[in-house]
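Here's the structure, in structure tokens; my notes come after.
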Amino acid sequence: EAGVTQFPSHSVIEKGQTVTLRCDPISGHDNLYWYRRVMGKEIKFLLHFVKESKQDESGMPNNRFLAERTGGTYSTLKVQPAELEDSGVYFCASSQETGAGTEAFFGQGTRLTVV
Amino acid sequence: AQSVTQLGSHVSVSEGALVLLRCNYSSSVPPYLFWYVQYPNQGLQLLLKYTTGATLVKGINGFEAEFKKSETSFHLTKPSAHMSDAAEYFCAVSDLLRTGTASKLTFGTGTRLQVTL
């Protein structure tokens, strides 16, 4: 069974440009999460999809970030326009359920560098 | 609000020595606690978790952790370190919402474990 897949693995863009990150969750997982780790700091929650609906987007930093999950399958996270402070590793995770202690499966992450 | 504190951003142990990675949490409700590991160039992988029941939980690769409510701790241990244990380890807490669904994970800052010969 394929795990959570993220594209690209690395991205270097200039300040002001647009970048789109993609996440393919494990097949059949209704729950999809985005997290971000800024260098040296903790991994922080960005948002949670249940199928195509946003269940919780309380962690989204500002309106430069747009997440979508059309059809409830893969998800994209667009940053437009990118700023220097957006640099970090973006992780996607998916889970089949949302019960107590449900394991979330993580992708390898996308390392975004804004210069 | 929940929070997780991991003492020590870097820990170095000799091969064969005890591994102890510390995690303290703050949660207003009974917590669900996790340890994840990230090996180089890989994603986060679940090591073990505590939900309810036995407070000593065993995970993969010989790791275990003990939930101590009185100390609000969930330290990770392994009796004998192996070179392959070198990785970054993250403690996380989740809680159960009134809807019955688990909330997002709140992570600590991570501890990088180095294992030397």
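Just so it is clear, none of the values below were taken in a lab; they were calculated from the coordinates. Remember, predicted model here, so these are calculated numbers, not experimental data. With ideal geometry, Cβ positions are generated from the backbone for all residues, glycine too; neighbour counts draw on all protein chains shown.
Can you tell me which condition A:Cys92 does not meet? The list is (1) within 11 Å of chain B (Cβ to nearest Cβ); (2) more than 11 Å from the chain's Cα centre (by Cα), and all the others hold.
It fails just one condition, (2).
Out of all the residues in region B:22-35, is one or more assigned to a loop (DSSP other than H, G, I, E, B), more than 13 Å from chain A (Cβ to nearest Cβ) and in contact with a helix residue (DSSP H, G or I) (Cβ under 8 Å, 6 or more places away or on another chain)?
Within region B:22-35 (the criterion being assigned to a loop (DSSP other than H, G, I, E, B), more than 13 Å from chain A (Cβ to nearest Cβ) and in contact with a helix residue (DSSP H, G or I) (Cβ under 8 Å, 6 or more places away or on another chain)), the answer is no, since none of the residues qualifies.
Any residue at all in region A:61-83 that's surrounded by fewer than 18 Cβ atoms within 10 Å (Cβ to Cβ) and under 22 Å from B:Thr109 (Cβ atoms)? So that I can check it myself, show each step before the final result.
Filtering region A:61-83 down to residues surrounded by fewer than 18 Cβ atoms within 10 Å (Cβ to Cβ) leaves A:61-64, A:66, A:68, A:70-74, A:76, A:78, A:80-81, A:83.
Checking which are under 22 Å from B:Thr109 (Cβ atoms) leaves us with A:61.
Within region A:61-83 (the criterion being surrounded by fewer than 18 Cβ atoms within 10 Å (Cβ to Cβ) and under 22 Å from B:Thr109 (Cβ atoms)), the answer is yes, since at least one residue qualifies.
Can you pull out every residue in region A:10-41 that is in a strand (DSSP E or B), surrounded by fewer than 20 Cβ atoms within 10 Å (Cβ to Cβ) and within 14 Å of chain B (Cβ to nearest Cβ)?
Passing the criteria: A:His10, A:Asp24.
Determine, yes or no, whether A:Gly71 is of a type in the set (Gly, Ala, Ser) and within 12 Å of chain B (Cβ to nearest Cβ).
On the way: of a type in the set (Gly, Ala, Ser): yes; within 12 Å of chain B (Cβ to nearest Cβ): no.
Considered against the rule, which asks whether it is of a type in the set (Gly, Ala, Ser) and within 12 Å of chain B (Cβ to nearest Cβ), A:Gly71 comes out as no.
Output the residues belonging to region B:31-44 that are surrounded by 13 or more Cβ atoms within 10 Å (Cβ to Cβ) and touching a residue at least 12 places away in the same chain (Cβ under 8 Å).
First pass over region B:31-44, keeping only residues surrounded by 13 or more Cβ atoms within 10 Å (Cβ to Cβ): B:31-39, B:42-44.
Within region B:31-44, B:Pro31, B:Tyr32, B:Leu33, B:Phe34, B:Trp35, B:Tyr36, B:Val37, B:Gln38, B:Tyr39, B:Leu44 qualify.
Any residue in region B:45-60 that is facing chain A (nearest Cβ under 10 Å) and surrounded by 11 or more Cβ atoms within 10 Å (Cβ to Cβ) sitting within a Cβ distance under 6 Å of a residue that is outside any strand (DSSP E or B) and not aliphatic (A, V, I, L, M)? List the pairs, counting only those 6 or more apart or interchain.
B:Leu46/A:Glu103; B:Lys49/A:Gly101; B:Thr51/A:Gly101
Test B:Ser12 against the stated conditions and say whether it is more than 11 Å from chain A (Cβ to nearest Cβ) and not in a strand (DSSP E or B).
In short, no.
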